[in-house]
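The values are calculated or read from the model by the stated rules, or taken from the named source; none is laboratory data. Quick caveat, the model's predicted, so the values are computed rather than measured. Here the Cβ positions follow ideal geometry from the backbone for every residue, glycine too, while neighbour counts run over all protein chains shown. Heads up: the accessible areas ignore ligands, DNA and RNA and are worked out on the full protein's heavy atoms, side chains in. Shrake-Rupley method; radii C 1.70, N 1.55, O 1.52, S 1.80 Å.
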Amino acid sequence: MSRQSSWLERAASLVGDASVWINLVATGCAEDILRWSPAELVITTTALGELENGRAKGRQTATEVARLIEVGLIREVSLSSTDEAVFLDLVAGPTSLTLDDGEAATIAYALGSGAGALIDERKATDLCAGRYPALIVMSTTDLLLANPIVSSFQADGLSECLFLALTVARMRVPERHLAGVCELLGPDRCRECRSLPAAWRQSEASRLTG
């Protein structure tokens, strides 16, 4: 079993940062992914507020997340007083050592509740690795490539979802998944995914067509 699948099945719940929900909604199959996940997916009120702020820029993620909350596929959660102390520690101080509110709330809730954290930003994941090594931290790509999710897709469904997340939401793919994601996409789609590193778009396209 892959590491991300093990994490997914170990965590009773996963709390996703705003960027994760942007990526999942962009796939066009967020509802299916949530139904297939063995772990419950939750969002903090803080991260939900960040999505709501995107409405002014014409972004529709908040509308879809609100619908998924309404049908019971996502649960909205608030920080406890203990979580708030961790949150404040993560947002106060020099910019190089702190996170934005949504990321901080996601990590604080995960630490307090025992949930896994779904975060894509490198700065936040690096901070977790240094400060909270026992915390389960996954990316959107980890979730999409976990065995329970992969095995539920039909035909080229996973490739299509990855392509949409990469082109519509500009999803960041951790280095450990670049080869696998490029192979699933194929050379033509790889070249279109501007959020993939340029060297990978070029070298993988050449390798896959060579």
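Condition check ((1) open to solvent by less than 50 Å² (accessible area, probe 1.4 Å); (2) modelled with pLDDT of 90 or more; (3) of a type in the set (A, V, I, L, M, F, W, C); (4) under 22 Å from Gly114 (Cβ atoms)) across all residues:
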| site | (1), (2), (3), (4) |
| --- | --- |
| Gln4 | yes, no, no, yes |
| Arg10 | no, no, no, yes |
| Val15 | yes, yes, yes, yes |
| Asn23 | yes, yes, no, no |
| Asp32 | no, yes, no, no |
| Glu40 | no, yes, no, yes |
| Thr45 | no, yes, no, yes |
| Leu48 | yes, yes, yes, yes |
| Thr61 | yes, yes, no, no |
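Step by step: first the residues of the stretch 120-152, then only those that are more than 18 Å from the chain's Cα centre (by Cα) and over 30 Å from Ser96 (Cβ atoms), then the one that is surrounded by the fewest Cβ atoms within 10 Å (Cβ to Cβ). Which residue is that?
The selected residue is Ser151.
Residue check: is Thr140 in contact (Cβ under 8 Å) with a residue 24 or more places away in the chain, in contact with a strand residue (DSSP E or B) (Cβ under 6 Å, 6 or more places away or on another chain) and on the phi < 0 side of the Ramachandran plot?
The answer is no for Thr140.
Which condition breaks for Ile69 when tested against (1) touching a Gly at 6+ places or on another chain (Cβ under 6 Å); (2) within 26 Å of Arg170 (Cα to Cα); (3) free of Cβ contacts under 8 Å to residues at least 40 places away in the same chain; (4) among the β-branched types (Val, Ile, Thr)?
So Ile69 meets the others, but not (1).
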